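Visitor: Sharing a structure below in structure tokens format, with a few things to ask.
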Amino acid sequence: MILPIVAYGDPVLKKKAKEIDKDYPKLEELINNMWDTMYNAYGVGLAAPQVGLPIRIFMIDPAPFAEDEELDEAEQEALKDMRKVFINPQIIEETGEEWAFSEGCLSIPEVREDVFRQPDITIEYYDENWEKHTDTYSGLAARVIQHEYDHIEGILFTDKLSSLKKRLIKSKLTNISKGKINVEYKMRFPNAKKAR
């Protein structure tokens, strides 16, 4: 089932999400719904706060980036089969020299800006079968994970921009929160005026 994606301005996007346990109600159904929602919106990642739930779970499928000719073959191959669910993740380490990449977000449609992040991360998490993993990722995979991880920490990519950049996109963000935007997928806008 496709869930509405919560737009910029909703308080759930600024909350630090809570850990869940194995008995979280209808977890499997939620995961399936989140995959449907993400693919329907042509996203490469989706975090639970983006569907209105302040819990520590996100998923990624960076396969579309595997088409990028600028990446080396090894990275293209790695991105192709990286469909993963992260439950209660904890980034243990971020290393390397920060690099910029133009990021976007399903909760902030039509806004893309360069964000600086470190290229290598080590993350501890449970998968959808509650098996524990500690994995290291680099490059675009690491970036997609960092972006989704920020969501469960209550951080949006726009929070990482310079104050000048923030001022330049302020009216765009206000319009998004009011629903004054054309999107191809279902969204929930926090500040939309209710139709009378």
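The values are calculated or read from the model by the stated rules, or taken from the named source; none is laboratory data. Since the structure is predicted, the reported quantities are computational estimates derived from the model, not experimental observations. Cβ atoms come from the backbone with ideal geometry, glycine included; neighbour counts cover every protein chain shown. Quick note on the areas: whole protein, heavy atoms, side chains included, nothing else; ligands and nucleic acids left out. Shrake-Rupley method; radii C 1.70, N 1.55, O 1.52, S 1.80 Å.
Visitor: Under a GNM of the chain (C-alpha, springs under 10 Å), which listed residue has the highest mean-square fluctuation: Ile108, Ile169, Ile31?
Guide: Residue with maximal mean-square fluctuation among Ile108, Ile169, Ile31: Ile169.
Visitor: Could you tell me what % of all Cα pairs in the stretch 130-196 have separations over 14 Å? Don't skip to the end; give the middle numbers.
Guide: Values: 1628 of 2211 pairs.
Value for the stretch 130-196: 74 percent of Cα pairs lie more than 14 Å apart.
Visitor: Sequence neighbours fewer than 8 away in the same chain don't count; with that in mind, list the lysines whose C-alpha is under 17 Å from Lys180.
Guide: Lys170, Lys172, Lys193, Lys194
Visitor: How much net charge surrounds Gly104 when only the other residues with a Cβ under 9 Å from the Cβ of Gly104 are counted, with Lys and Arg +1 and Asp and Glu -1? Kindly include the intermediate steps, with their values, before the conclusion.
Guide: Working: positive: Arg112; negative: Glu103, Glu110, Glu113.
Value of the local net charge: -2.
Visitor: Something else: Quick check: pseudo-label points 7 Å beyond the Cα along Cα→Cβ at Glu110 and Ile92, how many nm apart are they?
Guide: Taking the two extended label points, one gets 4.4 nm.
Visitor: If the cut-off is 17 Å between C-alpha atoms, which lysines fall inside it for Lys18, apart from same-chain ones fewer than 8 positions away?
Guide: Qualifying lysines at Cα under 17 Å: Lys26.
Visitor: With every protein chain left in place and a probe of 1.4 Å, what is the accessible surface of Asp120, to the nearest 10 Å²?
Guide: Here the residue's solvent-accessible area equals roughly 50 Å².
Visitor: Quote the convex hull volume per residue of the stretch 4-88, based on C-alpha atoms, as a whole number of Å³.
Guide: Details: hull volume 9.6 nm³, N = 85.
Looking at the stretch 4-88, the number lands at 113 Å³ per residue.
Visitor: In whole Hz, what ³J(HN,Hα) sequence does the stretch 160-170 give by Karplus (6.51, -1.76, 1.60; θ = phi - 60°), x for Gly and Pro?
Guide: Those phi angles translate into 8, 8, 5, 4, 5, 4, 4, 5, 5, 9, 3 Hz.
Visitor: Would you please give the FRET efficiency between Ser162 and Asp68, computed as 1/(1 + (r/R0)^6) with r the Cβ-Cβ distance and R0 = 41 Å, to the nearest 0.05?
Guide: Working: r = 26 Å, r/R0 = 0.64.
About 0.95, to the nearest 0.05.
Visitor: May I ask you to list the residues of the stretch 136-159 whose amide nitrogen lies under 16 Å from a point 7 Å from Cα along the Cα→beta-carbon direction of Glu77?
Guide: 138
Visitor: Another question about this same structure. So what's the net charge close to Glu94: Lys and Arg +1, Asp and Glu -1, counting the other residues with Cβ under 12 Å from its Cβ? Kindly include the intermediate steps, with their values, before the conclusion.
Guide: Values: positive: Arg117, Arg143; negative: Glu93, Glu97, Glu98, Asp120, Asp150.
For residues surrounding Glu94, the net value is -3.
Visitor: Once you've got the GNM for the chain with C-alpha springs shorter than 10 Å, pick whichever of Lys18, Lys26, Lys160 has the biggest mean-square fluctuation.
Guide: Lys26
Visitor: Near Lys15, which aspartates and glutamates are there with a Cα under 15 Å away, not counting those fewer than 8 places off in the same chain?
Guide: Correct list for Lys15: Glu148, Asp150, Glu153, Asp159.
Visitor: In the stretch 23-91, which GluC sites (Glu not before Pro) fall in coil by DSSP and have 11 or fewer other Cβ atoms within 10 Å?
Guide: Values: sites: Glu28, Glu29, Glu67, Glu69, Glu70, Glu73, Glu75, Glu77; in loops: Glu69, Glu70.
Those satisfying the criteria are Glu69, Glu70.
Visitor: Further question on the same structure: Glu103's amide H: which non-local residues (gap 5+, or another chain) put their own amide H closer than 5 Å, with H modeled 1.01 Å from N in plane and none for Pro or chain starts?
Guide: Those qualifying (amide H under 5 Å, at least 5 residues apart or on another chain) are Glu113, Asp114, Val115.
Visitor: Over the Cα atoms of the stretch 1-158, how large are the radius of gyration and the largest Cα-Cα distance (Dmax), in Å?
Guide: Reported Rg and Dmax, both Å: 14.7, 43.
Visitor: Around Phe189, under 10 Å between beta carbons, what's the net of Lys plus Arg minus Asp minus Glu among the other residues? The partial results should precede the final answer.
Guide: On the way: positive: Lys178, Lys180, Arg188, Lys193; negative: Asp10.
Combined, the nearby Lys, Arg, Asp and Glu give +3.
Visitor: Moving on. Have a look at Ile121, Ile20, Ile145 and tell me which one the Gaussian network model of the chain (Cα, springs below 10 Å) gives the largest fluctuation.
Guide: Looking only at Ile121, Ile20, Ile145, the largest GNM fluctuation is found for Ile20.
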